[in-house]
Amino acid sequence: MALKDFCFTLVYDSAYKDRGRVFTAVGDYIKMRLLSVEYGTGVREVGVGVFLRELGGPIRRRRKPKYNRERRTSLLGHELEDTLEFYLYPSLDAVRSAASVGNLIETLRTALAREADAVRALHIPDFDTPKFLQDLDAQLQLLERSPSLWARLGGGQFALPPSAEIQGASPMGASEEAVVPRTDIDAFPSAALAFVECELPFVRLAAERKDRAALGPLVERVNKFLQPWAGIMATQGGVLKTFEDCGYLVADLGREIAIECDQNVTVAERERLHLEFQERLERCRACAERIERNRHRAG
């Protein structure tokens, strides 16, 4: 059975609010890629508490990982069942001195490595705990090594935090104002390029691992991306006709994984298809840049 839910919940001092937003965004990105992965029936929901405050006051000690089969309200305020719940304590000195999103993610990976043995020691029945921890670290590592994604996770640079104002153990809950995307046809190349560049690190990891199971969740994300464009996809002069490279680039993301999993595809054919994908990517990028230049000149 696949995971039903995965979340990062933050317990933070106000001094770390901006950095906390990055961790929340990281959790959202990882959630999209871990849900629908088969780890067994023992765990339906995983809650990760990320502490960005000094121990003391109401939080006097580190929390141990927990596994609970009964439905209950967790420490972090979520209604959960068949739940794995564990806690990460990034070095606050390292978080304060982080100069980039990559540095912040590195503090999470270090904290995860410290807690991994305690999570494995739970011996959860019918749940592949080592594979889950390996996948979680792999996704963090991909984000850490993908600067092109950092802007979508909160930007590359951080000012030093102000003096801490303790707000207690309050989960991050404020949401940003929703931004309605442009869905006119000329906006498609830029949107497709942004989507593909966001997915590529995860696609390449799945291809390297010959992880056919990654195809299902990827197709779901592709369909979700394409949904707002449905009205102009099939019309005369629509997306696939006007911007063929960008349209097929999105569709070919899954092929990048599938050809690595198919033993009947020859090495030569595999290389040809990978090269075709890369050439489409470059043509789509050039198309998006050209449209944006023209739009700015016209504006």
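Relative contact order of the stretch 185-298, taken over Cα pairs closer than 8 Å and 6 or more residues apart, is 40 percent. Taken over the alpha carbons of the stretch 87-135 as equal point scatterers, the Debye sum produces base-10 log I(q)/I(0) values at 0.25 Å⁻¹ of -0.88. Amide H to amide H distances under 5 Å link Leu10 with Val50, Met172, where only residues 5 or more positions off or on other chains count and H is placed in the peptide plane.
Approximating the spin labels as points 7 Å out from Cα along Cα→Cβ, the Cys261-to-Glu276 distance works out to 1.9 nm. For the pair Ile291 and Glu70, a Förster radius of 51 Å applied to the C-beta separation gives a FRET efficiency near 0.40, rounded to the nearest 0.05.
Given that compact globular proteins tend to follow 2.2 N^0.38 Å, what is the ratio of the alpha-carbon Rg of the stretch 246-299 to that value?
1.52
With an a/c value of 1.5 or above and a/b larger than b/c for the gyration tensor axes a ≥ b ≥ c computed over the alpha-carbon atoms, the stretch 185-298 is described as prolate. Approximating the spin labels as points 7 Å out from Cα along Cα→Cβ, the Glu208-to-Arg120 distance works out to 2.1 nm. For the stretch 5-153, the pair-distance distribution built from all alpha carbon pairs, in bins 10 Å wide starting at 0, is 11, 43, 36, 11, 0 percent.
Since every read-out is calculated from the coordinates, none of them should be taken as a lab result. In this text the structure is predicted, and so the values were computed from the model without any measurement. As a convention, Cβ positions derive from the backbone with ideal geometry for all residues, glycine included, and neighbour counts pool all protein chains shown.
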